[in-house]
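Rule-based calculations on the coordinates, nothing more; no lab input. These numbers come from a predicted model, not from an experiment. Don't worry about glycine lacking a Cβ; one is built from the backbone with ideal geometry, like all the others, and counts go over all protein chains shown.
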Amino acid sequence: MNIINPATNAVITSVIADDQQTIDAKIATAKVGQKSWAATPLNSRILILQKFGTLLQTHINNSAEILSSEVGKPLQQSKNEINGAVARIEWLTANAAAAFAEEWVVESGSTREKIAYEPLGIVCNISAWNYPYLVGTNVFVPALLAGNAVLYKPSELATLTGLEIQKYLHQAGVPEAVFQCVIGAKEAGEILLNADLDGYFFTGSYKTGKYIYERVSKKMKPCGLELGGKDPLYVTDDLDDVTKVAANTADGAFYNNGQSCCSVERIYVHEKVYDAYVTAFVAEVKSYQIGTPMQENTYIGALTRKEHPAFLSAQVKDALSKGATLQCGGKSIAGDGNYFEPTVLVNVDHTMEVMMEESFGPIIGIMKVKDDAQALELMNDTHYGLTAAVFCRDELRALGLQQQLNAGTVYWNCCDRVSAALPWSGRNHSGFGSTLSKVGLRVFTQPKAYHLRS
Ligand code: NAD
């Protein structure tokens, strides 16, 4: 399988993809390895995963270069991602003991009762390319901490990073049988779906997620889906500094070239601040440095998927044909790599794909609204439900809106962020189940109820 640099479309290297035979062998190895890993004291597992975090930190420069070379992310953003993963590992390892501890719920009288949290067994993690360190960490770190073996299929577009992760997990002390990469694209994923594993955890698009859920439901096995979003953001008329809000929210839309599951994908602005906001927003976007991922100061790098510039062009064409107006950008940038101009559209509405379907790129629609009620109605007018944000000075007004937003995560005066201490979960087409937080640690366990009568 060729590994391509999206900034040049040149082949970086090639790797051998797994097939039925090699995946069967990995599953057989994992079955044996998981038992002794589960019997390893939790404290030892915690120390091993902490060492993994230290190794990521030590090798950050090299790993960031590898990540940037295969996904096109600017080098500084690759480093930010690895630092973010290290922080998540710290939180997960610090909180694992409390999350997995046995709980005595009844201790008096002749009947005592306790809950124990057992590992699932072999966990299958089929993952995405946009934040391979972060979305991978959300799954395989708690899964390993809980005593599971993991078969980790990185996206075919982040294969080298998957192999880096495997290398440092093994160096940290995770047995080779307990964490194994499965290399390949859809075909390797299908082989994993045909197998009888103990839990399936997927990060990726709604389309693939739905398909995976249909396949896994027949197995009666746990399934977690972290899927796409069309995340709305509302700028109210109650702001201290509209320029600052415009800069923060533009970063929420354009960081990582808009290829974040929780990127701001559509913006609603109160009519009283609309003109000032749009002017400041467009000025900010025009200031972004577009360049090769390895170049210092690059903010907009290459898009990972070769076909993506054409997809974004089609969204622009659809919007313009229905009455939208371009404020900047709007087309691919000529050359060998997958580049697209940072694009701002106004006069948009919900008949347009750019306001309804995940763009996952450097493109945003901004729509004027007359009041909070209209903003709320438009924000909730979506099949997705990952995140939603409100910018406003008044906390009570923001809270009132947040409570009515149908999303797994709601933000006040911030956006496009994830906290290890909070559950990360979607609603509707954004998926279900949680990772991160104490909720996400227990996802990789199965509770056992003990009734003890003396
Ligand atoms: P994708 O659905 O194309 O692929 C994801 C993974 O599924 C890859 O590893 C791919 O090889 C595998 N796959 C594809 N077809 C398969 C099949 N038939 N059987 C088994 N496996 C198969 O998604 P992507 O392009 O890698 O990721 C981008 C999407 O992921 C976006 O929609 C983004 O919003 C979403 N995402 C969500 C989160 C979250 O936390 N909610 C985080 C990151 C990305």
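Would you grab the residues whose amide H sits under 5 Å from the one on residue 13? Only those 5+ places off in sequence or on another chain, please, with H modelled 1.01 Å from N.
For residue 13, whose amide H was placed from the backbone, the distant partners under 5 Å are 3.
Given Cα pairs under 8 Å that are at least 6 residues apart, what percent is the relative contact order of the range 231-419?
Here the relative contact order equals 28 percent.
Distance in nm between label sites at residue 94 and residue 286, each 7 Å beyond Cα in the beta-carbon direction?
Modelled inter-label distance: 4.4 nm.
Mean projection of the alpha-carbon convex hull of the range 386-436 over all orientations, in nm²?
That works out to 3.6 nm².
Debye calculation, C-alpha points only, no solvent: report log10 I(q)/I(0) for the range 108-260 at q = 0.18 Å⁻¹, in the same order as the q values.
-1.04
Can you compute the modelled spin-label distance between residue 43 and residue 194, with each label point 7 Å from Cα toward Cβ, in nm?
Distance between label points: 4.5 nm.
Please report the net charge: other residues with Cβ closer than 12 Å to the Cβ of residue 320, K and R +1, D and E -1.
+1
Please report the spacing between the Cα centers of the range 159-219 and the range 221-266 in Å, no decimals.
Comparing the Cα centres of the range 159-219 and the range 221-266, I get a distance of 28 Å.
Net charge within 10 Å of residue 117 by Cβ-Cβ distance, Lys/Arg positive one each and Asp/Glu negative one each, not counting residue 117 itself?
-1
Count the DSSP beta bridges whose two residues both fall in the range 231-419, then state the antiparallel fraction as a percent rounded to the nearest 5.
Antiparallel bridges make up about 20 percent of those DSSP assigns within the range 231-419.
Return the sequence-ordered ³J(HN,Hα) values of the range 86-96 in whole Hz as given by the Karplus equation 6.51 cos²θ - 1.76 cosθ + 1.60 applied to θ = phi - 60°, using x for Gly and Pro.
4, 5, 5, 4, 4, 5, 5, 6, 5, 10, 5
Would you mind checking which residues have amide H under 5 Å from residue 153's amide H? H placed 1.01 Å from N; only 5 or more apart, or other chain.
Correct list: 125, 126, 127, 182.
Quick check: net charge around residue 309, other residues with Cβ under 14 Å of its Cβ, Lys/Arg +1 and Asp/Glu -1?
With Lys, Arg at +1 and Asp, Glu at -1, the net is +1.
Run the numbers for residue 238 and residue 16: contour at 0.36 nm per residue of separation, minus the present Cα-Cα distance, in nm.
Fully extending the segment from residue 238 to residue 16 adds 74.3 nm.
Apply the Karplus curve 6.51 cos²θ - 1.76 cosθ + 1.60, θ = phi - 60°, to the phi angles in the range 65-73 and return the couplings in whole Hz, x for Gly and Pro.
Whole-Hz 3J(HN,Hα) from phi for the range 65-73: 5, 5, 4, 4, 5, 9, 10, x, 6.
What is the fewest-to-most order of 140, 100 by other Cβ atoms lying within 10 Å of their Cβ?
100, 140
With the crude spin-label approximation of a point 7 Å out along Cα→Cβ, what separation in nm comes out for residue 331 versus residue 452?
7.3
Note the full-extension length gain between residue 377 and residue 296 as 0.36 nm times their separation in residues minus their Cα-Cα distance, in nm to one decimal.
25.0 nm
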